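The values are calculated or read from the model by the stated rules, or taken from the named source; none is laboratory data. Fair warning: this is a prediction, and the values are worked out from it, not measured in the lab. Neighbour counts run over all protein chains shown; Cβ positions are idealised from the backbone, glycine included. In case anyone asks, the SASA skips ligands and DNA or RNA and just uses the protein heavy atoms, side chains included. Shrake-Rupley method; radii C 1.70, N 1.55, O 1.52, S 1.80 Å.
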Amino acid sequence: MSGTLVLDSEALSKLSRRNRDMTVWLDVARSLDLLVVTSAATLVGSTRP
């Protein structure tokens, strides 16, 4: 299977807090060997309050 899981700022925020739903999504993506990506703009936006 091919595909990509794209993480937005909300997803990154939830992952940083180890939100169960988001960690399940990440585990599924890894098990399916999907690419997991985010953009530089999302990273910058996530670091600004």
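The figures follow:
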{"quantity": "Positive-pole candidate from 34, 3, 23, dipole of the chain, charges at beta carbon", "calculated": "23"}
{"quantity": "Rounded tilt (10° steps) of 20-31 against the dominant C-alpha axis of the chain", "calculated": "50"}
{"quantity": "Percent of alpha-carbon pairs separated by more than 17 Å within the chain", "calculated": "35"}
{"quantity": "Per residue, in Å², the accessible surface of the chain once ligands and nucleic acids are set aside, probe 1.4 Å", "calculated": "81"}
{"quantity": "Helix-only mean residue ellipticity at 222 nm for the chain, each DSSP H run of n ≥ 4 adding -39500 (n - 2.57), per residue, nearest 500", "calculated": "-16500 deg cm²/dmol"}
{"quantity": "Most to least packed among 33-42, 8-17 [average Cβ atoms within 10 Å]", "calculated": "8-17, 33-42"}
{"quantity": "About the Cα centre, charge dipole magnitude for the chain (Lys/Arg +1, Asp/Glu -1 at Cβ), debye", "calculated": "220"}
{"quantity": "Contact order normalised by residue count of the chain, Cα under 8 Å, 6+ apart, percent", "calculated": "56"}
{"quantity": "Residue 34 long-range amide H proximity, modeled H, under 5 Å", "calculated": "none"}
